[in-house]
Amino acid sequence: MDLSNVTPQQIENYYAGKSKDYYKKFTTNQLRNFFSEIVSLRTFYRANPSEKSKIELRLRKLKAMLLYAEGRQTGKSDLKDFRKDVFVLTDSVLSTVGDFNNKLELFFDIMEGFVAYHKFYEEGKNL
């Protein structure tokens, strides 16, 4: 998804269009660990919006964190599809096309959407 020219409806369709099985492939703990890093990055960004190089470095670190989590997974957990989606979004933020700050804010919003849908489809709920 190209975040440089995306509409709010396209954003909603992006995470709402995933099946419930997509969200049930990874655990709440896996998502919580990843999302806590996103919240930390968002806090840093809002306090230091001009620190683009540090923000970019932390975005690249998010990718590494997901690769690590995917490598550690066992059992029914499967982060592959989620990782691929996050990589596409992260690469869009890091691209030189469009306004970096706007794309980063959209990235944060989309990640919150993933968390919301994961919670909705959490095991044993809203099946």
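The values are calculated or read from the model by the stated rules, or taken from the named source; none is laboratory data. The model shown is predicted, which means the values in this text are computed figures rather than measured ones. Ideal geometry is used to build each Cβ from the backbone, glycine not excepted, and the neighbour counts take in all protein chains shown. Just the protein is used for accessible areas: all its heavy atoms, side chains included, with ligands, DNA and RNA removed. Shrake-Rupley method; radii C 1.70, N 1.55, O 1.52, S 1.80 Å.
Among SER50, SER92, which is the only one that is farther than 19 Å from TYR117 by Cα and in contact with an Asp or Glu (Cβ under 7 Å, 6 or more places away or on another chain)?
Matching residue, one of SER50, SER92: SER92.
Which of the residues spanning segment 24-34 are over 17 Å from ILE110 (Cβ atoms), without any contact (Cβ under 8 Å) to a residue 60 or more places away in the chain and surrounded by 16 or more Cβ atoms within 10 Å (Cβ to Cβ)?
LYS25, THR27, GLN30
Kindly list, by first and then second residue, each pair from a residue in segment 78-99 that is under 13 Å from SER4 (Cβ atoms) and of a type in the set (Val, Ile, Thr) to a residue that is open to solvent by 10 Å² or more (accessible area, probe 1.4 Å) and in a helix (DSSP H, G or I), limited to pairs with Cβ atoms under 9 Å and residues at least 6 apart or on different chains.
Listed pairs, sorted by first residue: VAL93/GLU56; VAL93/PHE100; VAL93/LEU106.
Looking only at segment 40-49, which residues are surrounded by 14 or more Cβ atoms within 10 Å (Cβ to Cβ) and within 14 Å of the chain's Cα centre (by Cα)?
Across segment 40-49, the qualifying residues are LEU41, ARG42.
Filter segment 92-122 for residues that are open to solvent by 30 Å² or more (accessible area, probe 1.4 Å) and of a type in the set (Lys, Arg) and give the result.
Listed by number, the list holds a single entry, LYS119.
Do the conditions hold for GLU37, that is, is it open to solvent by less than 40 Å² (accessible area, probe 1.4 Å) and without any contact (Cβ under 8 Å) to a residue 60 or more places away in the chain?
Yes.
Which of (1) within 22 Å of TYR117 (Cβ to Cβ); (2) within 13 Å of the chain's Cα centre (by Cα) is the odd one out, the single condition ASP78 does not satisfy?
Looking at each condition in turn, ASP78 falls short on (2).
Do the conditions hold for LYS125, that is, is it surrounded by fewer than 15 Cβ atoms within 10 Å (Cβ to Cβ) and modelled with pLDDT of 90 or more?
No, not satisfied.
Just to check your reading of the model, which residue among ALA64, ALA69 is of a type in the set (A, V, I, L, M) and either free of Cβ contacts under 8 Å to residues at least 24 places away in the same chain or touching a strand residue (DSSP E or B) at 6+ places or on another chain (Cβ under 6 Å) (or both)?
Going through ALA64, ALA69 in turn, just one is of a type in the set (A, V, I, L, M) and either free of Cβ contacts under 8 Å to residues at least 24 places away in the same chain or touching a strand residue (DSSP E or B) at 6+ places or on another chain (Cβ under 6 Å) (or both): ALA64.
Applying the selection to segment 1-23, what residues are farther than 13 Å from ILE110 by Cα and open to solvent by 60 Å² or more (accessible area, probe 1.4 Å)?
Result: ASN5, SER19, LYS20, ASP21.
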